1. Could you please find all residues in region 26-56 being within 30 Å of Asn98 (Cβ to Cβ), open to solvent by 20 Å² or more (accessible area, probe 1.4 Å), in a helix (DSSP H, G or I) and of a type outside the set (Lys, Arg)?
2. So how many residues does region 5-25 have that are free of Cβ contacts under 8 Å to residues at least 40 places away in the same chain and open to solvent by 30 Å² or more (accessible area, probe 1.4 Å)?
3. If I filter region 34-47 down to residues being touching a helix residue (DSSP H, G or I) at 6+ places or on another chain (Cβ under 7 Å) and hydrophobic (A, V, I, L, M, F, W, C), which single residue comes out as modelled with the lowest pLDDT?
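The values are calculated or read from the model by the stated rules, or taken from the named source; none is laboratory data. None of these values were measured; they are calculated from a predicted model. Using ideal geometry, Cβ is built from the backbone for each residue, glycine included, and neighbour counts are taken over all protein chains shown. What goes into the accessible areas is simple: the full protein's heavy atoms, side chains included, and nothing from ligands, DNA or RNA. Shrake-Rupley method; radii C 1.70, N 1.55, O 1.52, S 1.80 Å.
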Amino acid sequence: MVQQVYTTIEIACPPERVREFFLDTSKWPSWPEGIQLTRLDPKDNSPVKVGEKLKLLAGGTTLYPTIVTNTPTTVAWHGSIHGVIIGTHTFEFFPSENPTNPGGTKLVHREDFTGLLEFLMGGRWPAWAGGQRVAAETRYAAFNKFLKGAVEGL
């Protein structure tokens, strides 16, 4: 079974501009604590490539995911914590269909979890019992707000 954490936000900038900011690796050090990325082999500010490994600090955990998708609409990486919880973390940049955001972006920020402990990402487990869903949703929503503010402020 797959557990999914799903968040979305409207951003008043075109999808290409949001994606460009997101993939600007020179800006990654300024990202908030909830999702901090580092390239393991930073040669320059060249585009991130499928197959490239990253260092990710998320919620106090260090992971080493691999970029699995980098298209004009989608950026995703795949990683795990000791193989017992496996995640595919995806960012999708769609043209907004919201009439109050013409020319803007609908950002979909989600992660699909599988593995032996994927149940901890289910909605039935409270944090005191090891449930991590609310913490992940909170981190993702905070990152979405950061991205919105950063891009709209350009």
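1. Ser30
2. Result for region 5-25: 2.
3. Ile35
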